[in-house]
Each structure stands twice: as C-alpha cells, then as structure tokens.
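Worksheet for the structure shown next.
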Amino acid sequence: MRSPFEYIANSINRHPYIVAGIVIGVLLFAMYGATLTKMETGTKTYLDTDKPVGSLLLHYENEFSSDTIILIIEGDDVTDPQVIKYIDNLENDLEGERYVAGVTGLPDLLRLATGGELPDSISETEDALALLPEDYVSKVLPSKTMTLASIPLETGMPEDAAESLVKNVENVIRFSEPPPGITVTVSGSPSFTVEMKEDMQKNMGTLIGLAMLLMIVAMALLFGHVRYRMLPVFVVFCGIILTFGFMGLAGIGLSSIVVAAFPVLIGIGIDYAIQFHSRFDEEIRRVPMKEAIFTTITSSGPAILLAMVATALGFIALSALAPAPMVADFGTICIIGIVCCYLCAMIIVPLFALIMNYTPKESGNILDEAESCQFDWRGCDHDPVNTHKISKGSMMERYDKLLGKIAVKIAKNPVPIVIILLMLAVIGFQLDGNVIIDTDEDSMVPQGMPAKVSMDKLGSVIGSTSSVTTFIKADSVKDIDTIKWIDGFSDYALKKQSDLTGATSIATYLKLYNNGVLPADAQTLNEVWEKIPKSNIESYVNGNTEAVIQFSLEDISIPATQSLVEDMQKDLEWYTMHPGMSAAYTGQMVMFTDLINGIKDTKNPMTYLGFILILIFLLLVYRNFSAISPLVPIVMIVGWNGLIMYSFGLTYSLLTATLGAMTIGIASEYTILIMERYQEEKEKGEDMLTAIQTSIQKIGTAVSVSGLTTAFGFSALLLSTSPIIQNFGTVTVLTVGFSLIGGIVVMPAVISLFEKFSGKICHEDKNKVRREEKSKLPE
C-alpha cells in the first residue's frame, strides 16, 4: 500500500496542472471563507458561557446590564445658555436613534430645578444649580469647563448594533454645529469596544505585514543560494490565507489574543517551507526533476511532519486547558495554521518547481554561495564545497565545526553545565510564582488609543466607573424581607469594605421615593413601587424573582479587586439569607478577577499536559529510554522563562500564560532534531563523542537558521501597539533563543549523561548475569 506522501508526489509528477488547479480553487474558496471572519470582543471571548460564572454573567448582561455612551462636552464655560441650548438640541437629536433608551445631561438637571424651563443667563444657571444636591450636580457638571451627558442603551442590544450606533452618534455630533470653542467627545464602554475592534483589525494587518516583511529580509540574507528565494514567503502567505478561510468557515472569531497567532504561524511556517525548498534544491542538483520531487516529498514529508506534530502537541495542551475561550481559539488557530503551512510547503514548493522547470542556481556570489544541505535538518552527507573562503557557506561550515568542538567539550564534562543551567531553571520555577497576573482589558489596547484616553479622562473626573454586582434570586423580590435584606447587606458591605464607594439597588429608590426610609409593610411598598420610574426598576429588578445590587469601587487594580471580591464573598456567606434566597457576584470586574484564578489554575497544568503529550509522542516514535532526553532541556527552558519574566518585570496575561505549553511545542523541534541525528550517527557505529560532535556539526547551522527565521517572525509581535502582544513577543523571541541553547548546548550534555547512565545499567546487568551463571557452575 502506497503512503500518502508517495500518492502526493506521484499526483504532482503526473498531473501538475490539475493539482495546481485544485490548489488555486482551494485558495479562492479560502479567500471567500476569510471574508466571513469577524472581530470578537465581550464576555464570550473571556468566559465559557456554559460554566456557572459565564452563564450568570451572560444572563445578567442580557437582563440587567445596559451599556452607556458618555458624551464629554468641554469649553470655556459650559454653563453658558448658548451651550446649554446646544446640548439640549443634541440630546433631542440623539434620542431618536435606535437602541437609545434616553439621553440625560445638564439641560435635564436644570429643568428639574426650574420646573421645566432652561435658564436665559449664566446667573440663572448658577441659581438653578444651587437648588440641587451638590453630589448629584458634580456627576453631571464636574467643572465649568466640562459637563457630561449619558446615553443609556437598551438592555439586550445586539453586539453587532453597537458599532453602527456609535458611528451614528459620532455623525450626529459632527453635523450638530457646536458653539465656538466647544468640543464633544464620545466615550464609554460601547465606544471603547468599537475602537478596540478597529484597532485589532488594524493591528492584525500590521503584524502580518511586518512578519512577512521580516521574512523577506530573512530570505534575502540567508536563502540567496537557491533560485526563487522568496518562494517560502509565498508559501507561508498561502498558508495564512487557508488559515483565515478555515476560521471564517468554522465560525472562529478574531479576538485581541487570536491576532497574535499569525506572526507565530509565519515564524513556524517559514521553517517548513525552507526545509522542503532546501531539500528539493539539493536533490535537483543530482537527479532528474520527477525523482527530486518524489524524494523530497517522501523523505522530507514524514520528517517535517514529526516536527509539526511535536509543535502541535504544545498547542493542543494550550487549547485543551485554556483559561479563556479566546486563548483556546489562539491554540486552535495555531494548530490549524501550522497544518496549513505544512501542507502548502509540501505541495506548492515541488509543484511550483515542476511548472517553472526549476533549475539550480549556480552563483559565484560569496554572499549567496552555500549548499542547500547546510540548511536541511538532516544535514549534509558530505563536506560542503565552497570555493570562496569568506563565502556564506564557508562561514556556516566554520560555525558548524565550532559548534561540534563545543559539543564535544560539553559532552566530556556534562555535569557542571547541567548543574548550572538546572539551578537557573530551579530559581526560575521558584520566582515564577511571584510573577503578577494581569487581566485588565486596558493592557490589550494601545495606551494612546483615543477611546482609552477619553475613558481615562472620564475616570479622573468622576472616579472609577467599575462596579461589582450582587445578583440575587428570591421567591419574590417585592417581599418586604427581601428588600430589607438587600438594604441591610448593602450597608453591611459598605461598612466592612473600604474600597467600596457606594451601593445602588431597588432599595435605594424605595427609600428615595419614601422620604428616606424603607416602606414598613407590603401595602406601602406597593404604593411606593408604583411611583418609581419603570426604567429605574428595570435596571435593578427582573420580573418578580431577580434583583441586583451595584457596588461602586475606588479606582483599584485587578489583583486588588480580586482580593476585594474574595472578602465580599465571605461577607455574603456570613450575612444570613432567608429561605428561598440565593446570591452571587457577577459583572465585568468579577469576570476579570475570575480570569486571574483561571490563569493560576491552568498555567501549570497546560505545561504538564504538554510534557505528557510530548513524552507519549517520543516513546511511541522512538520506543526507548533515551527518547525522554529531549524533555530535559525543555524543562530547563520553561524554568528560564519564569526567571526572565520575573527579572524583566513582565506580567502573566492571557497570552503569556500560554508560554509553558508553547515552549514545549517550539523547543521540542530542536531537541528532537539533535537526538535524531545523534541516533543516526550511533547506528553507523560511531562512538558517543564522535556521534555528538557529528550530529551537532551536521545540523548546527540548519537548527540555528531555523531558530533565526522563527524569531524573525515572532519579532513582529514586538512592534504591536498592544502592550499584551508586545510582552508576548518579548518572551517568545527569548524562548526561541533558549530553545536553540537547549538544543545545541544542553542536549550534548544530556545525551552524554543518559549514555553513561544507560551504559552503567547495562554493565551492571551483564555483571549480574555473569554472577548468576557463575553460581550455577558446580564447585
């Protein structure tokens, strides 16, 4: 039975144009699928809505939570009657927009004080404001140069409608002709979300463009010895198109985390394309075209497939135990992407060569002179021929020999190297627990993004806009005992927790419309209830069985909020509820604090699962004890990552929390390549030191170039405008460097120790057999 690789090779050789037509058709279909991809933000990207915390938050958002657009109106004096009339007209225009529940601002406040008329002079405005409670005025009119107007949106408004609504509000403002010196800025959560989506789209295009540009630079510098040196870049571009197409057709959305997957895919995918291209260029120099295609696909195909599977296992661990849906999507897209890049490389490189009648490049240029086998993961079977002593190929050959000499020295004295590097890893593991976990959404957007700047300005004026919500379920929320519990717990929590600044609930409005006290009986309660505006009731009560308390907070960090929520949970457990009642915390801040726990709970298990999957994979493929040797450097690299994170003051985010599982996938490629080549040399009858020297010497350049091109792709992340992606870029580039150290420096030491250990066991077994045989001899 023919292998799939033989079938692909024969299909390309016999029917190249049919295969080309299929490839073009698949790419066109993928382009259509790519148009279906959508940007995603919101609860569903952070929490699994099938779990209690996620389902409660989703229910709360659908039934209670309504976003609010805030207009920040600034000028020399916003109490000027002309400005007030302008704001009044603007409010009237905005009230007609779909999904707008109402608009309230300074004109409404003044009408409340004057009985319905707007002041005609600044002095009248000041007199009217003096009649109102100062706390209430300060929230709408923080100063004479700034006033705020709020536009509450309808509860349960579709997420897709937010973008068009924000654009409509901006258009209304644009054509509203404000008085001279008056500016109106749109702020609030909906505006932030819309601008965040736009930035994600722009950021994604920039990241992919930069990664491709860096790949072009890498190919120009490193890959000039072959014809069509930019072919690997085209191959990866096709792989990215396929990935986008799959995402769109499968309904996988683009989130702020998933965006970071594409430079990772480009960095890894270019590796596969280089390997197929190098192997084909090597084969075409000595055999006819069709034979070169057959050998390239049937020989390199399985070898690169093993490397791809090893990398995919790290991403599988990441997807399986991800702390948030968007992180699981990141892992899934990485798996899909590397498979797409692998298939594109295996099919497009030989297909392109056959159709273009590829001929090897004969170059006397010393900058391009090198042999393709020097870039091949299996290395050269002969000493590379380089006519110029200062050519690229000659320098790589000298680099290989240097690595070989270093490897022998390490193998002769492995213990000091292993102890030193292992101690650094141990220190890293210890310090890793001290690295701060940050899930703040602000870290996912550029610090200069206009929506974030306006939100920060809003926060500095009116204080923190964050809140913690207590979701209450009862047999009847209109029961007097339930109302008393809501009011009592609100007071208790405010006295107990200094970070809470206020509590608002249906009890607040019952007291407001009943002279500051709660109704004493059911009849009075019903009478007061009828006086409360319907919009206020719907904000805090749903039907007859659900209610919420909104606790406002000081401007504190997410970790501090986590501690606050944990303390409030204890308060909730201590404060006795009457039969039929239940209560739990929910809301955006609770979601972000829950993510901290999610990262804590899954960060290490993701790494452990990655180790287990790689171990099983190695044992299945190689079926011997030494198969576990590539895991030793990987364990060290994970520890070094923790040391770097702590030393550089980096934080664990939803992205960097995946580092352990990603490291396993990336580093395993290099360590497995070294082990494979070593075993090949041993099978030829070489002794341990010679086999180590030859293995490192043969593929040192190939592994180094592989790491360099991968790092080039990852480097695009460093140029992102998003802080969370920048940090991820820093640690992933360092991880690639550590992976090279693990393969080239640590592996020789580990192989040496494993060989000595297994040799000692073998020697003891032989001695035991001899002793047993000797004991059976007659005396």
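The values are calculated or read from the model by the stated rules, or taken from the named source; none is laboratory data. Keep in mind that what you see is a predicted model, and the values were worked out from it rather than measured. For neighbour counting, all protein chains shown are included, and Cβ atoms are generated from backbone atoms with ideal geometry for every residue, glycine included.
Below are the figures for this structure:
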| read-out | value |
| --- | --- |
| Which numbered condition Lys684 fails, given (1) over 17 Å from Leu210 (Cβ atoms); (2) surrounded by 24 or more Cβ atoms within 10 Å (Cβ to Cβ) | (2) |
| Neighbours by Cβ (under 8 Å, 6+ apart or cross-chain): first from the range 709-731, farther than 9 Å from Val264 by Cα; second surrounded by 24 or more Cβ atoms within 10 Å (Cβ to Cβ) and acidic (Asp, Glu) | Thr709/Asp271 |
| Leading residue by the ranking (farthest from Asp135 (Cα to Cα)) among those in the range 428-456 that are part of a helix (DSSP H, G or I), at pLDDT 75 or above and of a type in the set (S, T, N, Q) | Gln430 |
| Criterion violated by Ser121 - all others in (1) buried (at least 19 other Cβ atoms within 10 Å of the Cβ); (2) of a type in the set (Ser, Thr, Tyr); (3) more than 41 Å from the chain's Cα centre (by Cα) satisfied | (1) |
| Number of positions in the range 314-324 that are in a helix (DSSP H, G or I), surrounded by fewer than 24 Cβ atoms within 10 Å (Cβ to Cβ) and either touching a residue at least 60 places away in the same chain (Cβ under 8 Å) or not polar (S, T, N, Q) (or both) | 2 |
| Flag if Ile556 is surrounded by 13 or more Cβ atoms within 10 Å (Cβ to Cβ) and in a helix (DSSP H, G or I) | no |
| Qualifying residue in the range 127-149 (condition: of a type in the set (Gly, Ala, Ser), surrounded by 17 or more Cβ atoms within 10 Å (Cβ to Cβ) and not in a helix (DSSP H, G or I)) | yes |
| Some residue of the range 21-39 being over 30 Å from Glu291 (Cα atoms), part of a loop (DSSP other than H, G, I, E, B), outside the structural domain of Ala128 (by TED's automatic domain parsing) and modelled with pLDDT under 90 | yes |
| Selection from the range 594-607 of residues that are surrounded by fewer than 19 Cβ atoms within 10 Å (Cβ to Cβ) and touching a residue at least 40 places away in the same chain (Cβ under 8 Å) | Lys600, Asp601, Asn604, Pro605 |
| Any hit, the range 457-473, residues being in a helix (DSSP H, G or I), crowded, with 18+ Cβ neighbours inside 10 Å, among the aliphatic types (A, V, I, L, M) and not assigned by TED's automatic domain parsing to the domain that holds Gln562 | yes |
| Residue count, the range 87-137 (criterion: of a type in the set (Lys, Arg) and touching a Phe, Trp or Tyr at 6+ places or on another chain (Cβ under 9 Å)) | 0 |
| Unmet requirement for Arg279, which otherwise passes all of (1) in contact (Cβ under 8 Å) with a residue 40 or more places away in the chain; (2) within 21 Å of Phe5 (Cβ to Cβ); (3) surrounded by fewer than 20 Cβ atoms within 10 Å (Cβ to Cβ); (4) among the basic types (Lys, Arg) | (3) |
| Unique residue being closer than 26 Å to Pro133 by Cβ and of a type in the set (Phe, Trp, Tyr) when the list is Tyr60, Tyr86, Tyr99 | Tyr86 |
| Residue selected from the range 494-508 under the condition in contact with a Ser or Thr (Cβ under 9 Å, 6 or more places away or on another chain) and of a type in the set (Ser, Thr, Tyr), by the criterion surrounded by the fewest Cβ atoms within 10 Å (Cβ to Cβ) | Thr501 |
| Candidates Leu56, Leu27 - the one that is in contact (Cβ under 8 Å) with a residue 12 or more places away in the chain and touching a Gly at 6+ places or on another chain (Cβ under 9 Å) | Leu27 |
| Only one of Thr658, Thr694 that is surrounded by fewer than 23 Cβ atoms within 10 Å (Cβ to Cβ), part of a helix (DSSP H, G or I) and of a type in the set (S, T, N, Q) | Thr694 |
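Yes/no matrix, rows are residues, columns are (1) over 17 Å from Ile72 (Cα atoms); (2) among the aliphatic types (A, V, I, L, M); (3) in contact (Cβ under 8 Å) with a residue 12 or more places away in the chain:
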residue: Leu132; (1), (2), (3): yes, yes, yes
residue: Asp135; (1), (2), (3): yes, no, no
residue: Glu154; (1), (2), (3): yes, no, yes
residue: Pro179; (1), (2), (3): no, no, yes
residue: Gly209; (1), (2), (3): yes, no, no
residue: Leu221; (1), (2), (3): yes, yes, no
residue: Val236; (1), (2), (3): yes, yes, yes
